[in-house]
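This report concerns only the one structure given below.
No lab work stands behind these numbers, since they all come straight from the coordinates. Worth saying up front: this structure is predicted, and the values here are computed from it rather than measured. For neighbour counting, all protein chains shown are included, and Cβ atoms are generated from backbone atoms with ideal geometry for every residue, glycine included.
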Amino acid sequence: MKKAPQKPIRPLLLSLVIGMTLLSAFTSQCYASPSPSDDAWNPIVSNLYYEVWWFDAQTENGEFICCVIAVMGNIEKNATARIDLIIWTADGGIDKVTWFYPFSKFRASAEKLDISVEDSFARETPPFYEVFLSNGTVSCYIHYTAEMPPWKKPKPRPDSYGDWIVIVPKGKVSGWYNIAGKQHEITGIGYHDHMYCLTPVVDGYVGLPNMWGRILGERTVVAFGKAPANYKPVAVFFPDNVYEPDRVIMEIDNYSLKIVGYGENVVIYLKLAISRQCLIYRAKAWEAYRGLISAEGYILTKTFKRHLKGEGIIYFALAV
């Protein structure tokens, strides 16, 4: 089993400060309700095509598990299917496995989540979702029961291609993973989302720098993202309703990320500490990592102040 190297976040990322106005107001009505086809296969014929289904879990014994099925490239020429399994073990270790397949091995429905690559698959029977990854040696199965409604950001134009849909902001999970012939049980909470887009470059990369992450707390879920300069930063908060601030500022400083959201009579503040990051991709000009985050902050309105606290996973890519 290949152990992922540990490296500090590079200084080029440290000075990132982003503040841009979002299209939607800070309201519980700023999102559209996803349909089953939003979690289905949404391809387009382009060298820049990239689509990913993300599943993760936080177990009761302190493990974090990340399962990814992705397709990238021109589906009529040279597209590739990629599968990632990362396990942050409770004792501080990281197990990381990636395997690639030709596009001919990929099968998918355009009506609902029902995708497969060889023996691996992901499928849905709402409110239940499941993912199974296997390369014949390493395997993982996670079953989700959604506890929060899904979220979908309205498109700026009906004809625009690309979307990010949080299908399961938070759900109960159960399952297992098998590494080195030993099976480990999974019980805890988890998250699932789906993204597809046209990337600025052929190898499935969405600009420098970019980041994505999610935090699961006892009462609150936060999903956030920032792609290249021509995209707006997004932070979505799932307490009692779905909230998307008018303006979001993200600041990176060494091993911490600060997210501040401003809405009418509302301020949201979160500070995240990044740890146990592992390298998942290296190219000539950039590198991509996944890591764990712990977060603490608050939502402040005229009538109440709610403390926010949770843990999660972050993805970030930066120039080298």
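Data for the structure
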quantity	calculated
Under 12 Å from the K284 label point (7 Å along Cα→beta-carbon), backbone N, the stretch 33-75	none
Chain lengthening between S160 and E251 when straightened (0.36 nm per residue, less Cα-Cα)	29.9 nm
Ranking of T125, T301 by count of other Cβ atoms within 10 Å, fewest first	T125, T301
Inter-part distance where the stretch 31-73 and the stretch 93-169 are each reduced to a Cα centre, Å	5
Potential extension, K172-N47 segment - 0.36 nm per residue separation minus Cα distance	41.3 nm
Additional length obtainable on full extension of the chain from T125 to V320, 0.36 nm per residue less Cα span	65.9 nm
Cα-based shape type of the stretch 32-127, given that a ≥ b ≥ c are square roots of the gyration tensor eigenvalues and the cut on a/c is 1.5	oblate
Efficiency of FRET from Cβ geometry, A180 and F100, R₀ 22 Å, rounded to 0.05	0.50
Order of M195, M250, M148 under a 10 Å beta carbon neighbour criterion, fewest first	M148, M195, M250
